[in-house]
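Where a number appears in this text, it was derived from the coordinates with a stated rule and is not lab data. In this text the structure is predicted, and so the values were computed from the model without any measurement. Virtual Cβ from ideal backbone geometry, glycine too; neighbours counted across all protein chains shown.
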Amino acid sequence: MPKSCINISLLVNNDSKSQSFEKLLSQTISNLNINAYLDIVNDENKIKSLGVSNVPCLLINNNIEFEGDFPSTSELKKMVSKYTNQTLTNEQVSIHHIQISDFCNVLAEPINIVILERILNSKCCITSFEVFNDLNIEQDELIQRLKEIKCAGFITGTFSLPIKFCSNKINVGIAKILFSNLFK
């Protein structure tokens, strides 16, 4: 089963200071041994569309953690760590609890449920975004949502060209069992 996953977006300029911080962020993620999607955003229009006025900016699970100045290494570690379940002991939280939490986080968004339903109801792997055209969401947002669904373990595949993603029948089966046991 996958570890709990967090989504991290670093909004930066294309300069050497930003590149150095990208390396520090990647190293911090690795040192904390967490499962994370790291998205580096340096397109001005996309940054503005996210409602951010100052770069650099760090978004973790869509929450702004800092904006304007790079944090120290220890501050960065604290920011990232608070999105992991490392503060709880093994006796309190099992891998099953983490998995249920990951599933619930994705399923908390109704549009994610619609996207997941289409994938689960497909008779074969999806190789085009056309199946989602009627949802009226931008391709960038769709890809981000697919990454979240994949991070929770519901699907497998790639979202860069050529795209191909399929339901992860094993994890879907696990979700059915976990939710069934939770609500018995």
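Observations, loosely collected:
- Applying both filters, DSSP loop and at most 12 other Cβ atoms within 10 Å, to the GluC sites (Glu not before Pro) of the range 115-147 gives Glu138.
- Kyte-Doolittle mean at least 0.0 and Cα axial length at least 15 Å: DSSP H helices in the chain: 95-107, 110-121, 169-182
- Per-residue ellipticity at 222 nm, computed for the chain from helices alone with -39500 (n - 2.57) per DSSP H run of at least four residues, works out to -14000 deg cm²/dmol.
- For Asn35, distant residues with modelled amide H under 5 Å away: Ile6
- Only one item in [x] 11.9; [y] 18.7; [z] 9.3 matches mean projected area of the Cα convex hull in nm² derived from the coordinates shown, and that item is [x].
- Residues whose placed amide H lies under 5 Å from that of Ile155, excluding near-sequence neighbours: Lys150, Asn168
- Karplus-derived 3J(HN,Hα), 6.51/-1.76/1.60, for each residue of the range 159-165, Hz, glycine and proline x: 10, 9, 5, x, 6, 6, 9
- For Lys82, a cut-off of 18 angstrom between C-alpha atoms picks up these aspartates and glutamates, skipping any fewer than 8 places away in its own chain: Glu65, Glu67, Asp102.
- With K and R counted +1 and D and E -1, the other residues having a Cβ less than 12 Å from that of Ser49 yield a net charge of -3.
- When the charge dipole of the range 128-184 is built from unit charges on Cβ atoms (+1 for Lys and Arg, -1 for Asp and Glu) and taken about the Cα centre, the candidate among Gln144, Gly157, Ile174 whose Cα reaches farthest toward its positive end is Ile174.
- Top of Leu107, Leu146, Leu50 by mean-square fluctuation, Gaussian network on the chain, Cα under 10 Å: Leu50
- Prolate/oblate/rounded label for the range 5-81 (Cα gyration tensor, a/c 1.5): prolate
- Net charge in the neighbourhood of Val106 (other residues with Cβ under 13 Å of its Cβ; Lys, Arg +1, Asp, Glu -1) is -1.
- Here is the short version for the chain: Cys57, Cys104, Cys124 have no other Cys C-beta closer than 4.7 Å.
- Long-range amide H partners of Ile40 with built H, under 5 Å: Leu10
- Antiparallel bridges, percent of DSSP beta bridges restricted to the range 5-81 (to nearest 5): 55
- Each of Ile95, Ile100 was scored by other Cβ atoms within 10 Å of its Cβ. Arranged with the fewest first, they read Ile95, Ile100.
- Too-long pairs where the Cα-Cα distance tops 24 Å, listed order kept, from Lys77/Lys176; Lys78/Lys164; Lys164/Lys184; Lys150/Lys176: Lys77/Lys176; Lys78/Lys164; Lys164/Lys184
- Environment charge of Ile115, counting only residues whose C-beta is closer than 15 Å and scoring Lys/Arg +1, Asp/Glu -1: -4
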